[in-house]
Structures are given as structure tokens and as C-alpha cells.
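Report on the structure given below.
The values are calculated or read from the model by the stated rules, or taken from the named source; none is laboratory data. As the structure is a prediction and not an experimental result, all values here were calculated from the model. We place every Cβ from the backbone using ideal geometry, glycine too, and count neighbours over all the protein chains shown. Quick note on the areas: whole protein, heavy atoms, side chains included, nothing else; ligands and nucleic acids left out. Shrake-Rupley method; radii C 1.70, N 1.55, O 1.52, S 1.80 Å.
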Amino acid sequence: MKKVRIVGVVGARPNFMKMAPVLRELSKCEEFESRLVHTGQHYDESMSRVFFRDLNMPNPEFNLEVGSGSHAVQTAEIMKRFEEVCWSVKPDLVVVAGDVNSTLACALTAAKLQIPVAHIEAGLRSFDRSMPEEINRIITDSLSDILFTTEESGNRNLRREGIAEEKIHFVGNTMIDSLVDCYGLVDEAPAQGSLASINGAPYFLATIHRPSNVDDPAQLVRVLEILESASRLAPVFFVSHPRTYQRLEQVKRADKLVELNGHAANIQRGIIYLLPPLPYMEFLRLMSKSRALVTDSGGIQEETTFLNIPCLTLRDNTERPVTVELGTNQIVGLDQKKIVSSLRRIMGKTWQAAVTPPLWDGRAAERIVKILRKKRSLLSARAAA
Ligand code: UD1
């Protein structure tokens, strides 16, 4: 029996936790042979390699080492290099995840070579085309043959866009699979020096990296002012992304911003503590014990909903509405007054409690592989044709 050859693609940090459980499930099935490609969109030790370790992922067979660049340059470079991989491996299926440039570039390359594409986390829409991720989502979904969705809104969006019903599969959230796998082990994750000394005192955790919040210095200063006022209620740990870190160098830093970098410090209110990007387990640990998240990330809106930790999203929209409808998330933009009053409510413990969204049960990857097994003959037939 010829094995179905599957190429899984990862490129940027949020892809790793979405792909790891799927690779693990695929490796249990004899009828599949899977290979992993890393585009190298994220390349720093702290943005990439530590995640392979924490998520127990196999080393990628191909690293395209594309690195940073403008959207067009990065996308084009990934396409050029991924096409060569497709020529040499001849996959029967390419599996992409999420909404980053690597997702779009590899889906487009595969579709042009008439290789079927499966998209994990299909159908999410912010309806805001100023976000590069929204463009990536729309195009990737329109090119995909198998669309795995995480929430009901994704199914609705895809139907509205005319995607055939038989291509849409509501499977749940593979990022939550990773969270379920790792959560029991978080207390074993090493805490950075001064973080170990928090000892149950409340704190907020912040992550801000969207171009719309950090690329314009005036916006970034507004974000810092918000974090500064939040810190008067409880110390803020601000885990920086390289993009944010670079931009912070260009603005007048808030007086109350202290870089931690693992040094011991006397953690106190009124201060924003700047941390480098953290490994998955360490971030989970810090998130699980925080009083609230202040973020513009996509994935964190989902993780906080699952963990029932209040989340304030510093954006004007979300592509993950279930986190607002059932979860702990509120969309607050950069409205400082609203944010501070929300944080006061959170400190008073009167925030909405989460109901776990349907199928966020740690078994999404299992469902994905079950569906791929059902489609197995279709995939091999196409490959043979
Ligand atoms: C990308 C995704 C975004 C995701 C984010 C998570 C796209 C369009 N955006 O944004 O959806 O939320 O990843 O992190 O794909 N850099 C480093 N080291 C690295 C990677 C990046 O220093 O390992 C710096 C580079 O200077 C680069 C900048 O960060 O120019 C931005 O990286 P890029 O991959 O282009 O986009 P992200 O902002 O990370």
C-alpha cells in the first residue's frame, strides 16, 4: 500500500503549537508519511527553536531560512524555496496552519502545482483588510481543498464565501491540544529570577506586537501609557516580540519601564517590566498565574478563554468571536479609560467566567487525522493521476 505523503509547514511562532499535535497524530498512522518544512520566517532561538523543544516536535527536514523582509519579499522567497521542496518530495497533501505569510506562500505554491492543500484554523475573519493576516486567511482558504475550522463563525464565514460544504470540517482547536498536553507540566518550567519571587501577588501580563499598535511611534506611546496606568493597579510584565523591541528603541520610553532579562528585581506596582520573548512553557506558566492578559495576539485570546483568565484585546476587532461570546475576552481598542475600568473589575474579581467553546477539548488533531484517513483514497488517486 502506497503511503500518503504529507508535508506539514511551519514558519512563525504561532504555527508551532498548531502543527505539533497534528504531526504527532500523523506519526501514529501507518498509511501516512509526514515531512516537516520550516520556512524560517521566525529564526531566532527564542522565537523558534525553543518551541520545538517545549512542544516535543521533530526537527524539520527542510529549513528554507527565508528570514525577515517586506511582505512581498518574504512571501516570494518562501514560494521559490518551497516550490523546490515540492518538486523533490512530491507531496500528496500540503498542510498549513494559521494566517502568517508562510501559510499563504506555501498554500499558493502547492495550489499552483495542483497539490491538495489542507488549512488548519480556516474560516476566521476580522473583516479588516488592513491586517496582513486577514489577506493571508482569505486567500489561503480560497485555495484550500480541506478546511479545518476551530469555531462556528469559521464555518459561517466559509459558507458565505461559497466554499463547498464537503470541504469544511469543524474539528476544534489544535492550539488548545498543545495547551492541554503541556498545561500539567507548567509548574516544572523554570521561572526567570525575579518572576520566581512574585509569590502569588497579582500581576498583569502584556504582549503587543501588531504593526497597527507598534509601528507608528504615536500608537506605541499610547500603548505604553495604557500599560503604565495598568501598572498602578498591579505590576505589568510586558513580554516583547522582536518587532516591539525594535520599535521601543525608537520612542521615548516610559519612565517606568524596566528591562528584566532574568535579573532579580524587587517587583512592585507602578512599573512595567520588559521581558524578552519566552519559551512556550515559561509563557504558559506566567499566563496561568496572571490576573489578566493585555494583548493584541490572536492565539492568546483563545488560550485565556480556555484557561478562564480575563483577557483585554487592544484591537478594534477580533477574528475569534467565540472568545468574546463564550470566553473571557473583551475588545477594548486603545481606550485607556475603558481598559483601566475593566482592569479594576478584574482586580475586584467580577469578570465574566468562560464557557469552554465546543470541541476545544484537546482532541482536534485526532479528528483531523481521522478525516484525512477517510480522504486517503481521494488523495492517493489524485497523486496517481
Ligand atoms: C508574524 C505574523 C503574525 C504573528 C506573529 C507572531 C505575518 C504576516 N505575521 O508577525 O501574524 O502574530 O508572527 O510572532 O506573518 N524578527 C526577529 N526574529 C525572528 C523573527 C522576526 O528579530 O525570529 C523581527 C524581524 O526584524 C522582522 C520582525 O521581527 O522584521 C517581524 O517579523 P515577521 O515574521 O515579518 O512578522 P511578525 O511581526 O513576527
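Tabulated values for the structure
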{"quantity": "Full-extension gain in nm, Val73 to Asn56, via 0.36 nm per residue minus C-alpha separation", "calculated": "3.0 nm"}
{"quantity": "Simple spin-label estimate for Ser88 and Val355 in nanometres, 7 Å along Cα-Cβ", "calculated": "5.1 nm"}
{"quantity": "Net dipole in debye of the chain [+1 Lys, Arg Cβ; -1 Asp, Glu Cβ; about Cα centre; nearest 20]", "calculated": "400 debye"}
{"quantity": "Contact order relative to length of the stretch 211-294, as percent, for alpha carbon pairs under 8 angstrom and 6 or more apart", "calculated": "34 percent"}
{"quantity": "Placed amide H near Arg35: partners under 5 Å, 5+ positions off or other chain", "calculated": "Ile6, Val7, Gly8"}
{"quantity": "Relative contact order of the stretch 77-146, pairs being alpha-carbon contacts under 8 Å that are 6 or more residues apart, as %", "calculated": "34 percent"}
{"quantity": "In the stretch 37-116, the trypsin sites (Lys or Arg not before Pro) that fall in loop regions by DSSP, at most 14 other Cβ within 10 Å", "calculated": "none"}
{"quantity": "Glu325/Glu165 FRET efficiency (R0 30 Å; Cβ-Cβ; nearest 0.05)", "calculated": "0.80"}
{"quantity": "Average accessible area per residue (Å²) across the chain - probe 1.4 Å, nucleic acids and ligands excluded", "calculated": "42 Å²"}
{"quantity": "Whole-percent carbon and sulfur share, accessible surface of the stretch 1-147, 1.4 Å", "calculated": "50 percent"}
{"quantity": "Built amide H within the under 5 Å cut-off of Gly362, gap 5+", "calculated": "Asn173, Asp177"}
{"quantity": "Whole-percent carbon and sulfur share, accessible surface of the stretch 261-385, 1.4 Å", "calculated": "51 percent"}
{"quantity": "Share of carbon and sulfur in the accessible heavy-atom surface of the stretch 202-259 [1.4 Å probe, %]", "calculated": "48 percent"}
{"quantity": "Cross-link reach list, lysines versus Lys3, counting only Cα pairs under 28 Å and skipping chain neighbours closer than eight places", "calculated": "Lys18, Lys28, Lys80, Lys90, Lys112, Lys167, Lys370, Lys374, Lys375"}
